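> Below: one structure in structure tokens.
The values are calculated or read from the model by the stated rules, or taken from the named source; none is laboratory data. As the structure is a computational prediction, the values presented were derived from the model and not from experiment. Using ideal geometry, Cβ is built from the backbone for each residue, glycine included, and neighbour counts are taken over all protein chains shown. Note: areas computed on protein heavy atoms with side chains; ligands, DNA, RNA excluded. Shrake-Rupley method; radii C 1.70, N 1.55, O 1.52, S 1.80 Å.
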Amino acid sequence: MTGLQMSPAPERSAVLSRRIRFFAAATITYNVIEAVVALWAGGVAGSAALIGFGLDSVIEVASAVALSWQFASKDPERREHLTLRIIALSFFALAAFVSAEAIRSLAAGEGAEQSVPGIVIAALSLAIMPALSWLQRRAGRELGSKTAVADSKQTLLCTYLSAVLLAGLLLNATVGWWWADAAAALVIAAIAVREGIEAWRGDVCCTVPARGAMDAGLEGSPVAGGCCTDYATDAPPTGNGS
């Protein structure tokens, strides 16, 4: 195993840090737009899922801001633990609000109105978010940054939420399943809780590939101790899904 690089060279680390800051800025910009559209459309349609999606965009902005704050430091690792906590709490806050709104809607028997803007923004996010998440995850794994990978999972969550939201909105619009919106919101909340727990524990796949090979005892293996398998590969996203 001699000759395996334990971590990126300083010059490479600087490049990766700049990339992560750029991806964080791109995430902030897009999600501000997404949040405004989703919250407005959700308010007009009375859609718990759309409002939850908009709040997730707000939380995603907060997560990206926390990541930018971390990498603005000369020693980002010193801020990593606190940044992970901020990201985790943002997931939990989203889950709590969305669950409450979905349960209230189901108990009252209130169905959301059809929302064309909601369908459009969900479809657009489904196309954009996978690529952005993959790029940030790849940079974060090479750098060995748990927070960068955790934030990329926040971005990837937006892809899952977009798919769930789109399904709920389309079912409500096409076959009149009024409860589909609230059901979609509860799925969003469940995913947020899972990701929040992983971020709080620091259980994210961020191992540098070379280091992972040493931990696993297999040269070139991308899966190391504690490295989640769904983030183990650096293959680009395919299609409009995860």
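> For the stretch 144-164, enumerate the residues that are open to solvent by less than 20 Å² (accessible area, probe 1.4 Å) and within 15 Å of Ala102 (Cβ to Cβ).
Once the filter is applied, which keeps residues that are open to solvent by less than 20 Å² (accessible area, probe 1.4 Å) and within 15 Å of Ala102 (Cβ to Cβ), the stretch 144-164 yields only Leu161.
> Tell me the residue from Ala192, Ala167, Ala185, Ala139 that is under 30 Å from Ala107 (Cβ atoms) and surrounded by fewer than 24 Cβ atoms within 10 Å (Cβ to Cβ), please.
Ala167
> If I filter the stretch 29-38 down to residues being buried (at least 18 other Cβ atoms within 10 Å of the Cβ) and of a type in the set (A, V, I, L, M), which single residue comes out as nearest to Leu55 (Cα to Cα)?
Of everything passing the filter in the stretch 29-38, Ala35 is nearest to Leu55 (Cα to Cα).
> Based on this model, can you work out whether Ala62 counts as over 20 Å from the mean Cα position of the chain (by Cα) and open to solvent by 30 Å² or more (accessible area, probe 1.4 Å)?
Taking the combined requirement at face value, the residue does not satisfy it.
> What is the residue count in the stretch 75-92 for residues that are of a type in the set (A, V, I, L, M), open to solvent by 60 Å² or more (accessible area, probe 1.4 Å) and within 14 Å of the chain's Cα centre (by Cα)?
2
> Looking at (1) more than 17 Å from Gly140 (Cα to Cα); (2) assigned to a loop (DSSP other than H, G, I, E, B), can you tell me which one Phe91 breaks?
(2)
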